[in-house]
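The values are calculated or read from the model by the stated rules, or taken from the named source; none is laboratory data. Nothing here was measured: the structure is a model prediction, and the numbers come from that model. All Cβ positions, even for glycine, are placed from backbone atoms using ideal geometry, and neighbour counts span all protein chains on display.
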Ligand SMILES: C[S@@+](CC[C@H](N)C(=O)[O-])C[C@H]1O[C@@H](n2cnc3c(N)ncnc32)[C@H](O)[C@@H]1O
């Protein structure tokens, strides 16, 4: 699939939107068994470690928490969060990703994880409210602002009053490659991707009804530096990621708020 730099999802009609989503679902199904191996190959060994350290510090899971992982994939974050919370519901539209996730969860002996195959653009009522809802690198793959807004509104509805949301998306900033929006040629997969400025993230959270939105960054340092000492780099990045002024300068934008 060639890169399509001029692509504008806002011009998609319903059928084109559905085709983009169907293509992603099918590619996620195909890629699920090898996803965790491919990630460090694509991104360098330190990037996933650093992202996980920063994002986990913002999710800040607690033993009493019921948590929702929106776009859980094969459970990269679920496997870190589940041991630290009371209960975790993992939602994804890829059947194979969730099947792979259940395999990892079983192998890890975790018994507090459930899965739900659903489209986050139309999240069904699940009959419970969550203390924390997080979503890592999923919003960036939802075509159109309207659909992304529907996802964030659905996540807000799933939160209990006072519950917290943590949204992580690829950034459009000095670390970015390619175009702000396009059919991603980087992975050669043809998946839609929208890169976020801090303003894009704030707007989504505000429109969904969240006040007091905070935006931070992760993966601020280049991989050629962090690959030399990933663990030390993760500690330095942990400090840098707390600085509000750096919110637009990392590989990822992290939006946070309370209901
Ligand atoms: C880049 S992967 C990230 C997975 C995981 N959060 C992680 O960080 O490893 C994006 C995930 O979002 C899921 N996804 C994308 N659009 C979705 C939608 N509309 N509804 C449900 N899941 C969706 C994909 O199937 C995929 O598993």
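Scanning segment 73-88 for residues that are more than 13 Å from the ligand (Cβ to nearest atom) and surrounded by 19 or more Cβ atoms within 10 Å (Cβ to Cβ) yields 82, 85. Within segment 88-96, one or more residues are at pLDDT 95 or above and within 30 Å of residue 240 (Cα to Cα). Residue 84 passes all but one of (1) within 17 Å of residue 61 (Cα to Cα); (2) touching a residue at least 24 places away in the same chain (Cβ under 8 Å); which number fails? Residue 84 satisfies all of (1) within 17 Å of residue 61 (Cα to Cα); (2) touching a residue at least 24 places away in the same chain (Cβ under 8 Å) except (2).
Out of all the residues in segment 120-139, which are in a strand (DSSP E or B) and within 12 Å of the ligand (Cβ to nearest atom)?
134, 135, 136
Within segment 111-135, residues that are farther than 14 Å from residue 154 by Cβ reach partners that are near the ligand (Cβ under 10 Å from one of its atoms) with beta carbons closer than 6 Å, at six or more positions or on different chains, in the pairs 115/90; 115/98; 117/95; 117/98. Of all residues in segment 109-119, one or more are within 8 Å of the ligand (Cβ to nearest atom), in a loop (DSSP other than H, G, I, E, B) and at pLDDT 95 or above.
Which condition breaks for residue 27 when tested against (1) touching a residue at least 60 places away in the same chain (Cβ under 8 Å); (2) away from the ligand (no atom under 14 Å from the Cβ); (3) surrounded by 15 or more Cβ atoms within 10 Å (Cβ to Cβ)? All conditions are met except number (2). Of the strands (runs of 3 or more DSSP E) lying entirely inside segment 140-259, those containing at least 3 residues that are surrounded by fewer than 22 Cβ atoms within 10 Å (Cβ to Cβ) are 159-170, 181-184, 211-218.
Selection within segment 95-108: residues that are in contact with a strand residue (DSSP E or B) (Cβ under 8 Å, 6 or more places away or on another chain) and within 12 Å of the ligand (Cβ to nearest atom). The member of this set that is farthest from residue 73 (Cα to Cα) is 95.
Answer yes or no as to whether residue 40 is within 14 Å of the ligand (Cβ to nearest atom), without any contact (Cβ under 8 Å) to a residue 40 or more places away in the chain and within 26 Å of residue 239 (Cα to Cα).
It is true that residue 40 is within 14 Å of the ligand (Cβ to nearest atom), without any contact (Cβ under 8 Å) to a residue 40 or more places away in the chain and within 26 Å of residue 239 (Cα to Cα).
Could you check, for segment 60-68, whether at least one of its residues is surrounded by fewer than 17 Cβ atoms within 10 Å (Cβ to Cβ), without any contact (Cβ under 8 Å) to a residue 24 or more places away in the chain and within 12 Å of the ligand (Cβ to nearest atom)? No, the conditions are met nowhere in segment 60-68.
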